[in-house]
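K.L.:
So that we are looking at the same thing, I have put the structure below in structure tokens.
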Amino acid sequence: MTWAAPAQFRGRFDDLIFCPLDLPKPPEIAVEDFVEWMKVGQDAQRVAPKLAFERVEKRTYPWLMRTMTEDLSPLAESFPDVSAYLSVFPFRKVRSVVILAQQGYQAVHTHTDSDGLYGMRFYLTAKNAEGLHFFKGRERYDRCDNYKRSPAGELLRADWDKLFVTESPVFASLPADTRAFMLNNARAAHAVSPNTCELGERIAVLVQGELDDARRDALLERSLKRFGQNAIWY
Ligand SMILES: [Fe+2]
């Protein structure tokens, strides 16, 4: 199995690894209610990364996760202003939302997410946002899987040290003016340092779907003008 494919050109910001986004701030939430709501529903299909992680790493997944795919109505019904906020991201259609509340005092392992070169994110709560860091790829990849199979078919952790510059973390810094950012899963892997968050103090939301390339590029251009000093490039 080839797990890292060579890069193909997708757009003029393909080499942008991290950039704060020039978007309005997300609505404030009642954190306790939100965390309780997160515990209620699970999308069985999207639990696969959690199960793979726990099998390979032999420890508990560092997030409480709630995902919605296609049917985003649970979010719209319970937190309509959060649901409405998704429309500021440059998607023709939002297909899924992955909500990750970091478990108390957990570090987040080195990994890549499934949304490739242009991952759109925001923090509902952002304590220890400065713990996010990147390891640049030793090459430009088009996609990266977190696991590989041994010849015997056993699921193993990807060769992070071989494929990424794991000796040189590059830390992200999110200005106080925004809670939204993009990150790139093909030019870099990412992780979060051990931190002092209690559950609910750091909630990241991954917004995924069909990006509108022109709107995406316009947003990134605008964001680089405003927050270029915080951008990380390949
Ligand atoms: Fe991630």
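The numbers here are math on the coordinates, done by the rules we state, and not lab data. Just so it is clear, the structure is predicted and the values come from calculations on it, not from any experiment. Quick reminder, even Gly has a Cβ in these numbers, built from the backbone with ideal geometry, and neighbours come from all protein chains shown.
K.L.:
Quick one: compute a quarter of the convex hull surface over the Cα atoms of the chain and quote it in nm². Spell out each step's value before the answer.
P.N.:
Working: hull surface 49.3 nm².
Computed as one quarter of the Cα hull surface, the answer is 12.3 nm².
K.L.:
Which trypsin sites (Lys or Arg not before Pro) in the stretch 38-98 pass both tests, a DSSP loop state and at most 15 other beta-carbon atoms within 10 Å?
P.N.:
58, 59
K.L.:
OK, next. Multiply the residue separation of residue 30 and residue 233 by 0.36 nm, subtract the distance between their alpha-carbon atoms, and state the gained length in nm to one decimal.
P.N.:
Result for the pair: 69.6 nm of gain on full extension.
K.L.:
Can you sort 232, 203 so the residue with the fewest Cβ neighbours within 10 Å comes first?
P.N.:
Working: 232 20, 203 25.
By the 10 Å Cβ count, ascending: 232, 203.
K.L.:
OK, next. Holding the Cα-Cα limit at 26 Å, pick out from 50/162; 58/148; 93/127; 127/148; 50/127 the pairs that are longer than that.
P.N.:
93/127; 127/148
K.L.:
Pick out, in residue order, every one of the GluC sites (Glu not before Pro) in the stretch 13-58 that is DSSP loop and has at most 14 other C-beta atoms within 10 Å; say none if there are none. List each step's numbers first, then the result.
P.N.:
Values: sites: 28, 32, 36, 54, 57; in loops: 28.
Here the sparse-neighbourhood loop sites are 28.
K.L.:
Comparing 87, 114, 193, which has the greatest mean-square fluctuation in the GNM of the chain with Cα pairs linked when under 10 Å apart?
P.N.:
Among 87, 114, 193, the largest mean-square fluctuation in the Gaussian network model of the chain belongs to 87.
K.L.:
Sticking with this one: So how much slack lies between residue 221 and residue 39, counting 0.36 nm per residue of separation and subtracting their Cα-Cα distance, in nm?
P.N.:
61.8 nm
K.L.:
A further question on this structure: List the residues of the stretch 24-63 whose backbone N lies under 15 Å from a point placed 7 Å from the Cα of residue 103 along the Cα-to-Cβ direction.
P.N.:
In the stretch 24-63, the label zone of residue 103 (backbone N under 15 Å from the point 7 Å along Cα→Cβ) covers 39, 49-63.
K.L.:
Between residue 167 and residue 114, what is the FRET efficiency for a Förster distance of 41 Å, r being their Cβ-Cβ separation, to the nearest 0.05?
P.N.:
After rounding to 0.05, the efficiency reads 0.95.
K.L.:
Still on this structure, please answer the following. Name the residue farthest towards the positive end of the dipole of the stretch 26-179 from the options 170, 132, 122, assuming +1 on Cβ of Lys and Arg, -1 on Cβ of Asp and Glu, about the Cα centre.
P.N.:
170
K.L.:
Highest first, please rank the peptides 116-122, 170-176 by the mean number of other Cβ atoms sitting within 10 Å of their residues. Walk me through the numbers on the way to the answer.
P.N.:
Values: 116-122: 22.1, 170-176: 14.6.
Taking the mean over residues of other Cβ atoms within 10 Å, the ranking is 116-122, 170-176.
K.L.:
Spin-label point model (7 Å from Cα, Cβ direction): what's the residue 127 to residue 154 distance in nm?
P.N.:
Computed distance between label sites residue 127 and residue 154 equals 3.9 nm.
K.L.:
For the chain, with only Lys/Arg (+1) and Asp/Glu (-1) charged at the beta-carbon, what is the dipole magnitude about the Cα centre, in debye rounded to 20?
P.N.:
Charge dipole of the chain: 540 debye, to the nearest 20.
K.L.:
Given points 7 Å out from each Cα along the Cα-Cβ axis, report the residue 213 to residue 70 separation in nanometres with one decimal.
P.N.:
About 2.7 nm, to one decimal.
K.L.:
Would you compute, for the Cα atoms of the stretch 107-167, the largest minus smallest coordinate along each principal axis and list the three values in descending order, in whole Å?
P.N.:
The Cα atoms of the stretch 107-167 stretch 42, 23, 23 Å along their principal axes.
K.L.:
OK, next. Diagonalise the Cα gyration tensor of the stretch 7-125 and give the resulting equivalent ellipsoid semi-axes, square root of 5 times each eigenvalue, largest first, whole Å. Before the final figure, lay out the partial values.
P.N.:
Values: eigenvalues 104, 93, 42 Å².
In descending order, the three semi-axes are 23, 22, 15 Å.
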